[in-house]
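Working notes, beginning with the structure itself.
The values are calculated or read from the model by the stated rules, or taken from the named source; none is laboratory data. All values derive from a computational prediction rather than experimental measurement. Quick reminder, even Gly has a Cβ in these numbers, built from the backbone with ideal geometry, and neighbours come from all protein chains shown.
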Amino acid sequence: MTERVPLVVVGAGAAGLMAAIHAGRAGLHGVIALDSARRLGAKILVAGGGRCNVTHHAVSERDYAGSTPAAIRRVLGRFGVEDCVRFFEALGVTLKREDTGKLFPVSDDAHTVLTALLHAAESAGVSLRHPARVIAVHREGTGFRIHGDWGTLLADRLILSTGGRSLPKSGSDGAGLEMAQSLGHSLTERVVPALVPLKLVEGHWLTSLSGLAFPAELRVVDAAGRKMAVTRASLLCTHFGLSGPAALDISRHWTLARNVEPGTVLQLAVLPDLDESAADAWLLEGTGRSLLSRLRERLPERLTRALLDQAGVEASRSVQQLDRTARRALARMLTAMVVPVTGDRGFTYAETTAGGVPLREVRLETMESRLVPGLHLAGEMLDVDGRIGGFNFQWAWASGFVAGSAAAESARRAEPRPIE
Ligand SMILES: Cc1cc2nc3c(=O)[nH]c(=O)nc-3n(C[C@H](O)[C@H](O)[C@H](O)COP(=O)(O)OP(=O)(O)OC[C@H]3O[C@@H](n4cnc5c(N)ncnc54)[C@H](O)[C@@H]3O)c2cc1C
């Protein structure tokens with residue numbers, strides 16, 4: 001006979017584990033979490049360079065894109081940073097705050113985080129089954145039939161927390177998005193890689209600076225010159241193009257804008273505090289010095305030499321030896337250089353997914369589907385993506401907490417009560 005349980009969680013990543021733990025802690029017996037991965041928690045282990053950037057000391061809806069800020073705020077408000085810190089502390093994982101505002105385990109080891117979550121799931125009575133890839137889910141009566149090569153399960157309630165499409169080798173290959181669709185949900189018009197490095201035209205001079213990082217501003221600018229998105233952070237040149245927080249944070253804006261706004265460009269400012277006129281004036285103040293030595297005051301030497309080379313200016317020249325046109329062109333290059341992006345490196349290299357199931361299709365107080373009663377959704381599969389810094393995990397913890405607690409509460413209310 002097919003096993004029937006009150007709740008099945010499909011996907012035991014950050015959001016699914018959080019949901020299962022809180023469903024179990026709320027007193028729901030027989031919670032099963034299924035995951036296709038042989039080894040659980042791949043993304044938790046690779047996160048933050050193996051240290052797992054669990055959250056950020058200051059999280060608000062402004063750190064996210066997708067959906068609407070008001071909707072994101074409501075979910076984040078249910079399980080904030082302090083709740084997250086307390087939750088992990090109670091599991092024996094103390095978090096420390098770094099200068100950037102990011103929170104990491106004091107152990108500097110992501111295994112601490114994963115092990116604590118797995119223990120918490122076990123203590124909450126959750127049965128973790130893996131590898132157990134779910135191939136399809138169907139509505140059956142008021143519940144769900146869940147299929148895989150491992151067999152079939154019947155569940156009164158279902159939480160889908162299968163992630164988006166980023167890092168598909170971890171198991172998050174988008175199959176869960178298709179399951180949500182098969183149950184009646186829609187997806188945003190575009191589902192694209194986010195927090196992903198950007199590729200430049202082959203042989204672009206910035207690629208010759210591979211390994212060099214410097215503070216910069218990147219802007220997505222439309223054909224009318226309007227700034228559609230701006231990031232200011234460290235930029236890393238690589239052999240294929242641009243990476244580092246500045247490039248990763250702007251990537252989703254670039255990808256989404258360039259397809260709808262013809263003429264959209266990516267601008268790079270290596271002197272982000274100055275506009276073109278101010279940079280021109282600053283160059284002029286360096287009278288009597290070589291441009292190399294003037295620019296080196298603010299920029300790494302490798303970058304300075306490459307920039308001057310591209311501008312066709314000899315490094316030993318002084319600013320007086322440039323005519324006004326050449327000087328203005330150099331100032332523009334320093335403050336608003338158009339960089340020819342050919343695309344991004346795709347889901348294989350993306351840290352998260354932009355787009356997914358629209359938040360308007362779920363009740364924010366329970367993360368329950370508005371279309372399919374008994375189905376809850378959590379994590380990256382929803383149309384919410386955060387910037388670099390621990391914001392994506394915070395979304396996973398918060399939405400997982402809400403989904404798991406609410407699913408348990410509804411299941412308990414639906415239980416037949418003993419006759420008094
Ligand atoms: C390299 C990298 C580094 C990152 N670093 C950070 C960081 O430091 N801080 C931060 O906040 N965020 C970071 N992120 C983002 C963060 O990992 C994600 O936002 C978060 O893991 C999303 O959680 P999730 O539970 O929604 O999805 P996932 O973590 O993707 O979990 C989904 C789970 O569902 C399972 N699954 C999928 N389909 C099926 C199926 N059909 N059947 C059964 N199981 C299935 C998968 O195996 C997986 O275990 C990083 C991401 C990457 C790729």
Task: Qualifying residues in segment 338-356 (those that are among the β-branched types (Val, Ile, Thr) and within 12 Å of the ligand (Cβ to nearest atom)) - the one farthest from residue 181 (Cα to Cα) - done: 348
TODO: Go through (1) buried (at least 18 other Cβ atoms within 10 Å of the Cβ); (2) in contact with a Ser or Thr (Cβ under 8 Å, 6 or more places away or on another chain) one by one and return the number of the condition residue 106 breaks.
DONE: (1)
- [ ] Mind counting the residues in segment 357-404 that are part of a loop (DSSP other than H, G, I, E, B) and within 13 Å of the ligand (Cβ to nearest atom)?
- [x] 8
- [ ] Being over 30 Å from residue 135 (Cα atoms) and β-branched (Val, Ile, Thr) narrows it down to one of 191, 221, so name that one.
- [x] 221
- [ ] Mind listing just one residue for me: the one in segment 1-25 that is within 12 Å of the ligand (Cβ to nearest atom) and in a strand (DSSP E or B) and, of those, surrounded by the most Cβ atoms within 10 Å (Cβ to Cβ)?
- [x] 9
Open item on the list: Within segment 165-182, take every residue that is part of a loop (DSSP other than H, G, I, E, B) and touching a strand residue (DSSP E or B) at 6+ places or on another chain (Cβ under 6 Å) and give me the one that is surrounded by the fewest Cβ atoms within 10 Å (Cβ to Cβ).
Closed with: 165
TODO: Please list, ordered by first then second residue, the pairs with beta carbon atoms under 6 Å, 6 or more apart or interchain, first in segment 133-162 and more than 9 Å from the ligand (Cβ to nearest atom), second modelled with pLDDT under 95 and of a type in the set (Ser, Thr, Tyr).
DONE: 152/2; 154/2
Open item on the list: Against the condition aliphatic (A, V, I, L, M) and part of a loop (DSSP other than H, G, I, E, B), how does residue 292 come out, does it pass?
Closed with: no
TODO: State yes or no: is residue 28 under 23 Å from the mean Cα position of the chain (by Cα) and either under 25 Å from residue 180 (Cβ atoms) or near the ligand (Cβ under 7 Å from one of its atoms) (or both)?
DONE: no
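Yes/no matrix, rows are residues, columns are (1) near the ligand (Cβ under 7 Å from one of its atoms); (2) of a type in the set (S, T, N, Q); (3) part of a strand (DSSP E or B); (4) crowded, with 16+ Cβ neighbours inside 10 Å:
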site	(1), (2), (3), (4)
38	no, no, no, no
43	yes, no, no, yes
46	yes, no, no, no
49	no, no, no, no
52	yes, no, no, yes
58	no, no, no, no
62	no, no, no, no
67	no, yes, no, yes
70	no, no, no, no
Open item on the list: Need the failing condition index for residue 282 against (1) part of a strand (DSSP E or B); (2) farther than 13 Å from residue 339 by Cα, just the number.
Closed with: (1)
